[in-house]
Amino acid sequence: MGGFEEKLAELNRKYAAALAGRVAELEGHLDTYSASGDGAALEFLYKGAHAVAGSARTFGLPEVTVKAKELELAARDGVETKKLYEKLSALKKCISS
């Protein structure tokens, strides 16, 4: 494998390793929103899911992109907390598999 391919593979590994932390941040925002109804936490959830969806697309992870986008849209639309947790759970499952 050439230098470029090695660097790209390393970037992909680093992204995958950081993804669990980013999803944990999303979960924290959702927990805050669920506990307090804090609109700012819902906004952070929306923006964070949007960022994950975009970066996952860049790194060639279509399943993660789809699940993150579903969470993003649900947060944007302010769906009930139970549904947001379901979307987050689907994203976490996708990442862990």
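Once ligands and nucleic acids are excluded and a 1.4 Å probe is used, how much of PHE4 is accessible, expressed in Å² to the nearest 10?
Here the accessible area works out near 150 Å².
Please give the calculated 222 nm ellipticity per residue for the chain, where each DSSP H segment of at least 4 residues contributes -39500 (n - 2.57) and the sum is spread over every residue; nearest 500 deg cm²/dmol?
Helices in the chain give a 222 nm mean residue ellipticity of -31000 deg cm²/dmol.
Kindly count the pairs of lysines across the chain whose alpha carbons are less than 21 Å apart, treating pairs on different chains or eight or more residues apart as eligible.
Number of lysine pairs found: 24.
For the chain, treating each Cα as an identical point scatterer without solvent, what Debye log10 I(q)/I(0) comes out at q = 0.12, 0.14, 0.16, 0.24 1/Å?
Each listed q maps to, in turn, -0.38, -0.49, -0.61, -1.18.
State, as an integer percentage, the relative contact order of the range 1-64 based on alpha-carbon contacts under 8 Å between residues 6 or more apart.
On the way: 25 pairs, mean separation 17.0, N = 64.
In percent, rounded to a whole number, it is 27.
What is the helix-to-structure angle for 81-96, meaning the angle in degrees between its Cα long axis and the longest Cα principal axis of the chain, kept from 0 to 90 and rounded to the nearest 10?
The angle comes out at about 20 degrees.
The values are calculated or read from the model by the stated rules, or taken from the named source; none is laboratory data. The model shown is predicted, which means the values in this text are computed figures rather than measured ones. For accessibility, only protein heavy atoms count, side chains too; no ligands or nucleic acids. Shrake-Rupley method; radii C 1.70, N 1.55, O 1.52, S 1.80 Å.
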